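Here is the structure we will look at.
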Number of protein chains: 2
Amino acid sequence: MPTIKDIAKELGISVSTVSRALNNHPDIRQETKQEVLDAMKRFNYTPNAVARSLIQRKSNTIGLMIPDITDPFFSAMAHDVEEVLSDSGYQVVYVNTSRRPEKEKRFLISVLERKMDGIIVTPDFLDEEAIELLHRLKIPVVFLRRRPPQGLNVPFVDVDHYKGACNAMDYLFSLGHNQIGFIGMPKYSFTGKERYRGYMDSLNRLGLEADPRGVTFDGRTMQCGYRAMDSLMDKYPSMTAVFAANDLLGIGALEWLAEHNISVPGQISVIGFDNLEVANLHWIKLSTVAQPRKEMGRKAAELLMEMLLSNELTAESILLDTNLVIRQTCSEAQIVRTR
Amino acid sequence: MPTIKDIAKELGISVSTVSRALNNHPDIRQETKQEVLDAMKRFNYTPNAVARSLIQRKSNTIGLMIPDITDPFFSAMAHDVEEVLSDSGYQVVYVNTSRRPEKEKRFLISVLERKMDGIIVTPDFLDEEAIELLHRLKIPVVFLRRRPPQGLNVPFVDVDHYKGACNAMDYLFSLGHNQIGFIGMPKYSFTGKERYRGYMDSLNRLGLEADPRGVTFDGRTMQCGYRAMDSLMDKYPSMTAVFAANDLLGIGALEWLAEHNISVPGQISVIGFDNLEVANLHWIKLSTVAQPRKEMGRKAAELLMEMLLSNELTAESILLDTNLVIRQTCSEAQIVRTR
DNA sequence: CTGAAAGCGCTTACAG
DNA sequence: CTGAAAGCGCTTACAG
C-alpha cells in the first residue's frame, strides 16, 4: 500500500504538500495539487484512516449498543441510525449485548480504547462500574429507548409510553368499556412500568379501580399473551376489553380467543402497543399504539451529530409521541357482533 | 487520557517495559509487571487501540455489508455474525447498502482506509469498479448469501436454493399435485432464479411441463403475492397448488385466498420458502422451506475467522441445506376439505 | 530482564 | 506556497 511518502518521493516534494493536497488545504498551488492528485490515482493511493485518527484524535466511528438486532424494534432503529450517521461520514460499530452485563461493559471499554467519537446505547444493566465507565468516556452519549440513571447527564430519545398507554385507554373508554383487563410486561422493565402506570392512572381518572384479577404480568412474547388471556378469562370474565402492553402479547391473546371461538371485537376488544408489522396482517388487524421506531433511530443519530458539532456533552432529550392506529380489534362495549 | 509514557514516567522505567507488561510479554520480571499493572489501574489507563492498530497493521475490526438490517433475514445473520466475531475479540462495523451501488462502493473504500481485517458482504451490484476494489483489498472476504463473480476467488456461505425448491416440489408431488403454479421473485435475483430453476426442473423430471399461465414474477412482498394469486386464479384455474418463492409472497397469496373464501389446503395448497417467524402464526401456519439464517451468519463468521487465522485469502465455500417444515397449508390434491 | 531508538502513516504549527 | 520537524501512542527489534 502506497503512503504519502511514496507520493512525495515520486513527485520530489514534501509529505506536507502531499497532505495538503489530500485535505484540500488552501495553502497549495492549484497545479501542485493536481499533480499530487494524479499521482495518487496512478498509485491507487488510499489514505490510512487509522493514522489520521491517531493524530486527529477522532476516529469517525460511532458505537451503537443494542440488546438484540433481531428484534424488529431495534433493527428499525439501527437502520436509521446507520443511515444518518453514514451520510455524515461516520462508521457505526454495532454490538448486540444480548442483555448481558459483561457484554455491555466490554463494549464501553472498547469505546474507550477505539477512541470512538460518540455512542448511542440501549443498556439493560447499569451497575456502578458501567456508570463510572460512561463518565470516563468524555464523548457524546445518547440513550435510545432508555433513561439515563441519576447523576448521568446525557440526553435520551424515547417515546412517551405513559401517554401512549393513556391514549389507548381513552380510546377504549370512548367505546364504552370500563372493565378492562391488562396484560403487562415484566414489572422490572421501565417501559412495562410506564404503560402499566398509564393503565392505572387512566382508570383512576375515571374514578374506576383496576380489578386485581384483571391484571397479569408475565413475559413479553406471544406465548405469554396466550397464557395471560387464558388466566384473565378465567379470573375476570366480566371484562369487555383487554389492553396488552405490547403487540406480541396482544397477538397471543387474539390467538387464545380465536381458538376458543370468542369473537373479536364482538365479544371482547383487544388493543396492543408497538405496531409491529404483523399487527397489520389480514388475519390480525390489531388496533394498537404505534411507536415511530425509525424516527427514534433517526432522531438519536441527529441528536448525536448535533452534540458532536457543538462539542457539547449534553443536550435536550427527545420524547416522541405515539400514534393510535385503529384497525379491527376494538368496538363498542356491550354490542355483540361477529367479526 | 494517560498514555504508557505517563505510566513509565511515574514508575521511572521505560515505555518498552510498560508495553511489555501490557501485552504480557514473557521478557519482564513479575514484580515489575505487577507495579506497572497497579499504576495502570491507579491512572485509569486504557490502551489506545488506534495507535496499536497503526503499528500492528491490524485493526481488529470486521466489516459487515448487508442490504437492509430491517429484513429479518439479515438481522438474524447479523446477529450471529456479531456474536462469533465479538467472542473472538473483533468489532463489527456494519453498513446497510439499501441496495445502492454507490453505498456499496463507499463501504469498500472505507474498508481499505480503515484497514479492516476482513469483511462479510452481501452485495447487490458488482460492477467492474467494485470488483477491482475487492481485488485491492487483500484481506479475507466472505460472500454471504451471494455468489462471488467470475474471477474473484473468495468463498461464500449460502443455502442451496435449488435443492430447497426441489424439495418443496417433491413434497407437493408426493401429495398428488401436478398442476402447480409458481409465484416468483424478480427474475434478476440469483435466489429467484435458483428457486425457479428448481420448480422447472422438478416438473420436467416428472415429464410435466410448466403451464406458462401458471408462472408469475413480480416483486417479493405480500402485496405482490396477493396480486400474483389473483392473476394465477384467473389464468390457471385448474391449478391445485402454488409454490411461492418466498414466504411473504405465500402469505400474500393466502390472504387473497382467505378473502375469496377459497379454503387452504382444502381447495388449494400453498407452500412458501424462508420460514419467517410469521409463517408460524396461528392464522397462517404456512408450510415452507426453512433456511438456517442464524447458522449462515455463524458459519460466515467462523469461515472468516479461519481465513484470518490461517492467513489465507480463500477457502472452501459452504452450502447449507434447507429444511422442509410442514405445517397446515398443503394437503393431498383433489380431496376437498375445509381448513 | 530492561532501555534507547526507530517507525507505523499521517497532520500541523513554524519558518522561510 | 513549500518544506523540515515534531508528534499522535504505541510496538518491536536490537543492544546490553
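The values are calculated or read from the model by the stated rules, or taken from the named source; none is laboratory data. Being a predicted model, the structure only gives us computed values, none of them experimental. Don't worry about glycine lacking a Cβ; one is built from the backbone with ideal geometry, like all the others, and counts go over all protein chains shown.
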* Failed condition for A:R293, given (1) within 14 Å of chain B (Cβ to nearest Cβ); (2) in contact with a strand residue (DSSP E or B) (Cβ under 8 Å, 6 or more places away or on another chain); (3) crowded, with 20+ Cβ neighbours inside 10 Å -> (2)
* Only one of (1) closer than 22 Å to B:Y199 by Cβ; (2) surrounded by fewer than 19 Cβ atoms within 10 Å (Cβ to Cβ) is not met by B:G266, so which one is it? -> (1)
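For region A:5-20, name all the residues that are within 26 Å of B:L137 (Cα to Cα) and either polar (S, T, N, Q) or within 10 Å of DNA strand D (Cβ to nearest atom) (or both).
Those that are within 26 Å of B:L137 (Cα to Cα) and either polar (S, T, N, Q) or within 10 Å of DNA strand D (Cβ to nearest atom) (or both): A:A8, A:L11, A:V15, A:V18, A:S19, A:R20.
State yes or no: is B:V50 touching a Lys or Arg at 6+ places or on another chain (Cβ under 7 Å), near DNA strand C (Cβ under 7 Å from one of its atoms) and closer than 26 Å to A:R52 by Cβ? Can you show your working first?
On the way: touching a Lys or Arg at 6+ places or on another chain (Cβ under 7 Å): yes; near DNA strand C (Cβ under 7 Å from one of its atoms): no; closer than 26 Å to A:R52 by Cβ: yes.
When the stated conditions are applied, B:V50 does not pass them.
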* Asked: Do the conditions hold for A:T46, that is, is it out of contact with any helix residue (DSSP H, G or I) (no Cβ under 7 Å at 6 or more places or on another chain) and under 27 Å from B:L112 (Cα atoms)?
  -> no
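Is there a residue being within 13 Å of DNA strand D (Cβ to nearest atom), closer than 18 Å to A:Q91 by Cβ and touching a residue at least 24 places away in the same chain (Cβ under 8 Å) anywhere in region B:59-74?
In the first step, residues of region B:59-74 are kept if they are within 13 Å of DNA strand D (Cβ to nearest atom); the result is B:59-60.
Then drop every residue that is not closer than 18 Å to A:Q91 by Cβ, which leaves B:59-60.
Now restrict to residues that are touching a residue at least 24 places away in the same chain (Cβ under 8 Å): B:59-60.
Within region B:59-74, one or more residues are within 13 Å of DNA strand D (Cβ to nearest atom), closer than 18 Å to A:Q91 by Cβ and touching a residue at least 24 places away in the same chain (Cβ under 8 Å).
I want to confirm something. Restricting to region B:94-106 and keeping residues that are in contact with a helix residue (DSSP H, G or I) (Cβ under 7 Å, 6 or more places away or on another chain) and either surrounded by 24 or more Cβ atoms within 10 Å (Cβ to Cβ) or not basic (K, R) (or both), which single residue is farthest from the other protein chains (Cβ to nearest Cβ)?
Filtering region B:94-106 for residues in contact with a helix residue (DSSP H, G or I) (Cβ under 7 Å, 6 or more places away or on another chain) gives B:94-97, B:104-105.
Of the ones still in play, those that are also either surrounded by 24 or more Cβ atoms within 10 Å (Cβ to Cβ) or not basic (K, R) (or both) are B:94-97, B:104.
On the way: B:Y94: 5, B:V95: 7, B:N96: 5, B:T97: 10, B:E104: 12 Å.
For region B:94-106, the residue satisfying everything is B:E104.
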* **Selection within region B:284-300 - among the charged types (D, E, K, R) and in a helix (DSSP H, G or I)** => B:R293, B:K294, B:E295, B:R298, B:K299
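Within region A:143-155, how many residues turn out to be outside any loop (DSSP other than H, G, I, E, B) and touching a helix residue (DSSP H, G or I) at 6+ places or on another chain (Cβ under 7 Å)?
Of region A:143-155, the ones outside any loop (DSSP other than H, G, I, E, B) are A:143-144.
So of that shortlist, the ones also touching a helix residue (DSSP H, G or I) at 6+ places or on another chain (Cβ under 7 Å) come out as A:144.
The number of residues fulfilling the criteria is 1.
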* Asked: B:K163: touching a residue at least 60 places away in the same chain (Cβ under 8 Å) and under 20 Å from the mean Cα position of the chain (by Cα), yes or no?
  -> yes
* Among the residues listed as B:A165, B:A228, the single one being outside any strand (DSSP E or B) and touching a Ser or Thr at 6+ places or on another chain (Cβ under 6 Å) -> B:A228
* Structure fact -> Going through (1) buried (at least 17 other Cβ atoms within 10 Å of the Cβ); (2) among the hydrophobic types (A, V, I, L, M, F, W, C); (3) out of contact with any Phe, Trp or Tyr (no Cβ under 7 Å at 6 or more places or on another chain) one by one, A:I7 fails only at (3)
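May I ask you to verify whether B:D158 is in a loop (DSSP other than H, G, I, E, B), within 18 Å of the chain's Cα centre (by Cα) and surrounded by fewer than 23 Cβ atoms within 10 Å (Cβ to Cβ)? Spell out the reasoning first.
Details: in a loop (DSSP other than H, G, I, E, B): no; within 18 Å of the chain's Cα centre (by Cα): yes; surrounded by fewer than 23 Cβ atoms within 10 Å (Cβ to Cβ): yes.
No: the conditions fail for B:D158.
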* Could you grab me the full set of residues in region A:21-57 that are within 12 Å of DNA strand D (Cβ to nearest atom), surrounded by 12 or more Cβ atoms within 10 Å (Cβ to Cβ), at the interface with chain B (Cβ under 10 Å from one of its Cβ atoms) and touching a residue at least 12 places away in the same chain (Cβ under 8 Å)? => A:N48, A:S53
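Matching residues to (1) more than 14 Å from chain B (Cβ to nearest Cβ); (2) surrounded by fewer than 23 Cβ atoms within 10 Å (Cβ to Cβ):
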{"site": "A:S231", "(1), (2)": "yes, yes"}
{"site": "A:A244", "(1), (2)": "yes, no"}
{"site": "A:W256", "(1), (2)": "no, yes"}
{"site": "A:W283", "(1), (2)": "no, yes"}
{"site": "A:E302", "(1), (2)": "yes, yes"}
* Asked: Got at least one residue in region B:130-142 being more than 11 Å from chain A (Cβ to nearest Cβ), at pLDDT 95 or above and either closer than 30 Å to B:L206 by Cβ or in a loop (DSSP other than H, G, I, E, B) (or both)?
  -> yes
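Quick check on this structure: which one of B:L303, B:L308, B:L313, B:L249 is in a helix (DSSP H, G or I) and more than 19 Å from B:V81 (Cβ to Cβ)? Let's see the steps before the verdict.
Working: B:L303 fails: more than 19 Å from B:V81 (Cβ to Cβ); B:L308 fails: more than 19 Å from B:V81 (Cβ to Cβ); B:L313 fails: in a helix (DSSP H, G or I).
From the options B:L303, B:L308, B:L313, B:L249, the qualifying one is B:L249.
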* Structure fact -> Scanning region B:112-129 for residues that are part of a helix (DSSP H, G or I) and either under 21 Å from B:S86 (Cα atoms) or within 11 Å of chain A (Cβ to nearest Cβ) (or both) gives B:L112, B:E113
* **Failed item in (1) among the small types (G, A, S); (2) surrounded by fewer than 16 Cβ atoms within 10 Å (Cβ to Cβ); (3) touching a residue at least 12 places away in the same chain (Cβ under 8 Å), with B:S310 passing the rest** => (3)
* If you scan region A:58-93, which residues turn out to be more than 9 Å from every other protein chain (Cβ to nearest Cβ), away from DNA strand C (no atom under 16 Å from the Cβ) and within 17 Å of B:V50 (Cβ to Cβ)? -> A:I62, A:Y90
* Pairs, please: C-beta under 7 Å, at least 6 apart or cross-chain, first residue at pLDDT below 95 and in region B:194-208, second among the basic types (K, R) and assigned to a helix (DSSP H, G or I)? -> none
* Failed condition for A:I109, given (1) buried (at least 17 other Cβ atoms within 10 Å of the Cβ); (2) within 10 Å of another protein chain (Cβ to nearest Cβ); (3) part of a helix (DSSP H, G or I) -> (1)
